[in-house]
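Since the structure comes first, as structure tokens, the remarks are kept for the end.
The values are calculated or read from the model by the stated rules, or taken from the named source; none is laboratory data. All values derive from a computational prediction rather than experimental measurement. A quick note on method: Cβ atoms are made from the backbone with ideal geometry, for glycine too, and the neighbour counts reach across all protein chains shown. Note: accessible area is taken over every heavy atom of the protein model, side chains too, but ligands, DNA and RNA are not part of it. Shrake-Rupley method; radii C 1.70, N 1.55, O 1.52, S 1.80 Å.
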Amino acid sequence: MSTTERTWEGPGAAERLGILRDTKTIAIVGASNKPSRASYFVATYLLSSSKYKVYFINPVLDEILGQPVYKSLADLPETPDLVEVFRKHDDLPSVLDEALAVGAKTLWLQLGSWHEEVARRAEAAGMNVVMDRCVKIEHARFHGGLRLAGFNTGVISSKRQVLA
């Protein structure tokens, strides 16, 4: 099987909504303090537009957005419900190991991140798994906030808008 072939099927929209509704705490593994990074953008959204308690995981940083940064999931003061991962493909198995060790309920791999072996291992251990989706986009989709990032223009049309 080629590495680009996708056979694993993730949860549908209703299941993803259920995961987000059941989630109280999110740990962002691979969080960055650089505004140009997707993890920073997601973090600012979650802190300002959601009910979640957000934790940042990065072994080389001390603070992001005025919040403490933890070196690992094991260092958190509580077990995160959802572990959102912004790490390279080869790091995903070890992130799963950490998430399993702390008892997280959901492993969520960010847009562009796909690892079928990790997904199967996580599911076999009883975790929810979402891959190649953004928590910020999914939360906004279900809570009417896509316009916050310019995704919802308010124009309902199949024709391209002509700007004068």
> If you check Glu138 against the conditions, is it touching a strand residue (DSSP E or B) at 6+ places or on another chain (Cβ under 9 Å), surrounded by fewer than 19 Cβ atoms within 10 Å (Cβ to Cβ) and modelled with pLDDT under 95?
Replying inline: yes
> Quick one: would you say Leu107 is closer than 21 Å to Met131 by Cβ, touching a residue at least 24 places away in the same chain (Cβ under 8 Å) and touching a Ser or Thr at 6+ places or on another chain (Cβ under 8 Å)?
Replying inline: no
>> What's the total number of residues in region 24-51 that are hydroxyl-bearing (Ser, Thr, Tyr), within 12 Å of the chain's Cα centre (by Cα) and either in a loop (DSSP other than H, G, I, E, B) or within 13 Å of Leu76 (Cβ to Cβ) (or both)?
In response: 1
>> Can you confirm whether Ala104 is of a type outside the set (Phe, Trp, Tyr), modelled with pLDDT under 95 and farther than 20 Å from Arg6 by Cβ?
In response: no
> Restricting attention to region 120-135, and to residues there that are assigned to a helix (DSSP H, G or I) and in contact with a helix residue (DSSP H, G or I) (Cβ under 9 Å, 6 or more places away or on another chain), which single residue is most open to solvent (accessible area, probe 1.4 Å)?
Replying inline: Arg121
>> Name the single residue that is nearest to Ala124 (Cα to Cα) among those in region 94-104 being open to solvent by 40 Å² or more (accessible area, probe 1.4 Å) and touching a residue at least 12 places away in the same chain (Cβ under 8 Å).
In response: Leu100
> Just checking, how many residues over region 60-82 are touching a Ser or Thr at 6+ places or on another chain (Cβ under 7 Å) and either on the phi < 0 side of the Ramachandran plot or open to solvent by less than 40 Å² (accessible area, probe 1.4 Å) (or both)?
Replying inline: 4
> Applying the selection to region 68-88, what residues are farther than 26 Å from Met131 by Cβ and not in a loop (DSSP other than H, G, I, E, B)?
Replying inline: Pro68
>> Can you find, within region 6-24, the residue that is nearest to Met127 (Cα to Cα) among those that are open to solvent by less than 30 Å² (accessible area, probe 1.4 Å) and of a type in the set (Val, Ile, Thr)?
In response: Ile19
